[in-house]
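In what follows, a structure is listed as structure tokens, so that the remarks can point back to it.
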Amino acid sequence: MVSRENKIILGCMLAGIVFARGVEMLTGNFDLAFGTLLTVAVLVPIGVNEYFTRRQMGS
């Protein structure tokens, strides 16, 4: 069974790739696309997982 954390990470990785590709197509700027990829695929799932973990611990 896949855990909630892994589902969130996988979803954010896929969204990060799509968003980064879109940013690169729209702006032509690889650095901006790479920053988008890092933000969506790395930082967002960390924050979302921390939020759900703290919410679960508080209940």
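The values are calculated or read from the model by the stated rules, or taken from the named source; none is laboratory data. All of these numbers come straight from a predicted model, not from anything done at the bench. Every residue, glycine among them, receives a Cβ derived from its backbone with ideal geometry; neighbour counts consider all protein chains shown.
So here's what we get for this one:
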| item | result |
| --- | --- |
| Filter result (buried (at least 17 other Cβ atoms within 10 Å of the Cβ) and not polar (S, T, N, Q)) within the range 20-55 | Ala20, Val23, Glu24, Ala33, Leu37, Val40, Ala41, Val44, Pro45 |
| Matching residues, the range 4-20, being among the charged types (D, E, K, R) and touching a residue at least 24 places away in the same chain (Cβ under 8 Å) | Arg4, Glu5 |
| The range 16-51, residues that are closer than 16 Å to Glu5 by Cβ, out of contact with any helix residue (DSSP H, G or I) (no Cβ under 7 Å at 6 or more places or on another chain) and not acidic (Asp, Glu) | Val42, Leu43, Ile46, Gly47, Tyr51 |
| Checklist (1) modelled with pLDDT of 95 or more; (2) loosely packed, with under 12 Cβ neighbours inside 10 Å; (3) among the small types (Gly, Ala, Ser) applied to Gly58, failing item | (1) |
| Residue in the range 27-46 that is on the phi > 0 side of the Ramachandran plot and at pLDDT 95 or above present | yes |
| Residues (without any contact (Cβ under 8 Å) to a residue 40 or more places away in the chain, polar (S, T, N, Q) and in a helix (DSSP H, G or I)) located in the range 21-59 | Thr27, Thr36, Thr39, Thr53, Gln56 |
